[in-house]
1. Looking at the stretch A:297-310, is at least one residue surrounded by fewer than 24 Cβ atoms within 10 Å (Cβ to Cβ) and in a helix (DSSP H, G or I)?
2. Does residue B:133 satisfy the criteria of being closer than 18 Å to residue B:176 by Cα and in contact (Cβ under 8 Å) with a residue 24 or more places away in the chain?
3. Hey, can you tell me all the residues within the stretch B:190-209 that are under 24 Å from residue B:63 (Cβ atoms) and either within 11 Å of chain A (Cβ to nearest Cβ) or modelled with pLDDT of 90 or more (or both)?
4. Scan the stretch A:34-48 residue by residue and report those that are at the interface with chain B (Cβ under 8 Å from one of its Cβ atoms) and surrounded by fewer than 21 Cβ atoms within 10 Å (Cβ to Cβ).
5. Mind listing just one residue for me: the one in the stretch A:311-331 that is part of a strand (DSSP E or B) and within 8 Å of chain B (Cβ to nearest Cβ) and, of those, nearest to residue A:350 (Cα to Cα)?
6. Within the stretch A:232-242, is there a residue that is out of contact with any strand residue (DSSP E or B) (no Cβ under 9 Å at 6 or more places or on another chain), part of a loop (DSSP other than H, G, I, E, B), away from chain B (no Cβ under 14 Å) and without any contact (Cβ under 8 Å) to a residue 12 or more places away in the chain?
7. Examine the stretch A:206-214 for a residue that is farther than 20 Å from residue A:193 by Cβ and either crowded, with 24+ Cβ neighbours inside 10 Å or touching a strand residue (DSSP E or B) at 6+ places or on another chain (Cβ under 8 Å) (or both), and state whether such a residue exists.
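The values are calculated or read from the model by the stated rules, or taken from the named source; none is laboratory data. Since the model is a prediction, treat every value here as computed from it, not as a measurement. Here the Cβ is made from the backbone with ideal geometry for all residues, glycine too, and neighbour counts use every protein chain on show.
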């Protein structure tokens, strides 16, 4: 294997242009097969049409992409590198493991890619007020960041439970000038923050853009978020091929709502030899409290889209659980449901304990502290490695860095900070 | 008469009587499962023209705090689509003839199976459905089942609705057209904005269906103003507040008293049509 593991700098990437829609989906009604759609109160329908039209105009506008790509390069620090994890590869003794480093993005996670794209759309729509939901706080921080940069008012809804476990991110948002509103309804986590953000949007729709953070929600959001995150997959594919001369055998990413995964998968979905694996949160175990929507849920409608959901027999949404706030969501983006149903991607689940082990594994072998969300993907690689050979390759998407999770990890390990 | 005709007839009768129709919303199973039938009966006896029986949903993103809380309490009390059907059946057995509309969110209906849900609803004595998160472009499969079982599908139109979407909703809808008076979620407000007048006239230009105005309506004065330009008023959160304001034993009586307090507002000083 003369090429693999070679540490030469990745070839300088051409600046990404307009996202390529390899699947041709969603269709005109916003569907990925039976999934997706626009299941929202009538008040929002006109705003969704307006957003769709603004996005289609922007998509065809070279100046829009020039501005976005220049911000992605100079402000976010793109392209993010891929890194050959030599020590992790050696330790696991199986496949060659490469890591796409979205943790190196400005603000520490991939969320900024979408936040920047949508803030430029909001400007085109003439909206001066931005609302967002956040789970782990990464999307809230990304939104607060781009609002600070663009001089827009920013309100972030965050479940009271998440406000507690992600205190440093709450403070970051405050310093950035955003108002963080704790949500006390329902399970007080991401799903309730989305409910509250939608209620705000219904009330202030004429002045406000809802900057949704994951590839969920009514059409056109899952499409827009995927397109803005597809830069991850576009870069990673080119970098990997440049580095190794081949495509990876496996591409692995964590899935909550699934924006990082869908951005990564979109680069490889047309390469049938590449096995796409999405890793959900099994929480305390699949028979207990978890957030493994596609492993244990069934199709239904939440937050404007038809997709897999955790629900009881009466169609009431169940509370999800994960140690990772970013995966603690009882739904999933509709395109993931489609990739599952068409068997183009596989979805597996990893427990809190396994994710904590994955967190330590990457930290100790490579000196990279991962967020708890992608720690689930690391844990899955740890599980699958013994079954793979050294001539196989795995490309892991490291969606964010773990600084925000140190409190949670310390608590889980019984350490008082 | 099927459900569609029955609901439309209720508006016609009220208007012919010199009144705006009152469509009153109650959350099924709130404050307890046992109070639902007495509350429906009290609201009917007090003079409501249409009763909206709310099916609680865990994630009611179109609701303000009042109905969020009543929905949450009703779910904790054990409310399911089945208990909603049972309550309607018992209310019919107790002599309630007022048209009854089930109001809720799509996922519990979808989980039940669209055909099975509509069959059971019609069988229990319901006349129609209002689904807050099911705009007309997504409603075709449910509309087919409503048609099969003679249930009205009452469309919601909003201040932001385009003329095209109003036309499509009115064409496929039946019973009445529900005009949302505000940008926002349900809940009591001090004023009902006259911005709704423009919407009502746009709807009037597209349909002969009766028009009711709801969201934020809570007092006889609000109803009196709506009675000058619409065929009916829809009231929810204020009735839920009355129901919640005391012990469950007195809930039905308080509900009836509240409905009676609206009647003077509903009466038109000059018959509009």
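1. No - not one qualifying residue is present in the stretch A:297-310.
2. Details: closer than 18 Å to residue B:176 by Cα: yes; in contact (Cβ under 8 Å) with a residue 24 or more places away in the chain: yes.
Considered against the rule, which asks whether it is closer than 18 Å to residue B:176 by Cα and in contact (Cβ under 8 Å) with a residue 24 or more places away in the chain, residue B:133 comes out as yes.
3. Scanning the stretch B:190-209 gives B:196, B:199, B:200, B:203.
4. Within the stretch A:34-48, A:46 is the sole residue that qualifies.
5. Filtering the stretch A:311-331 for residues part of a strand (DSSP E or B) gives A:311, A:317, A:331.
Checking the rest, the ones that are also within 8 Å of chain B (Cβ to nearest Cβ) come to A:311, A:317.
Details: A:311: 20, A:317: 21 Å.
Across the stretch A:311-331, the extreme among qualifying residues is A:311.
6. For the stretch A:232-242, residues out of contact with any strand residue (DSSP E or B) (no Cβ under 9 Å at 6 or more places or on another chain), part of a loop (DSSP other than H, G, I, E, B), away from chain B (no Cβ under 14 Å) and without any contact (Cβ under 8 Å) to a residue 12 or more places away in the chain: absent.
7. Narrowing the stretch A:206-214 to residues farther than 20 Å from residue A:193 by Cβ: A:206-207.
Next, from what is left, pick out any that are either crowded, with 24+ Cβ neighbours inside 10 Å or touching a strand residue (DSSP E or B) at 6+ places or on another chain (Cβ under 8 Å) (or both): A:207.
Within the stretch A:206-214, one or more residues are farther than 20 Å from residue A:193 by Cβ and either crowded, with 24+ Cβ neighbours inside 10 Å or touching a strand residue (DSSP E or B) at 6+ places or on another chain (Cβ under 8 Å) (or both).
Residue-by-condition table, conditions (1) touching a helix residue (DSSP H, G or I) at 6+ places or on another chain (Cβ under 6 Å); (2) surrounded by fewer than 20 Cβ atoms within 10 Å (Cβ to Cβ); (3) farther than 24 Å from residue A:199 by Cβ:
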position	(1), (2), (3)
B:174	yes, no, yes
B:178	no, no, no
B:193	no, yes, no
B:213	yes, no, no
B:219	no, yes, no
B:236	no, no, no
B:240	yes, no, no
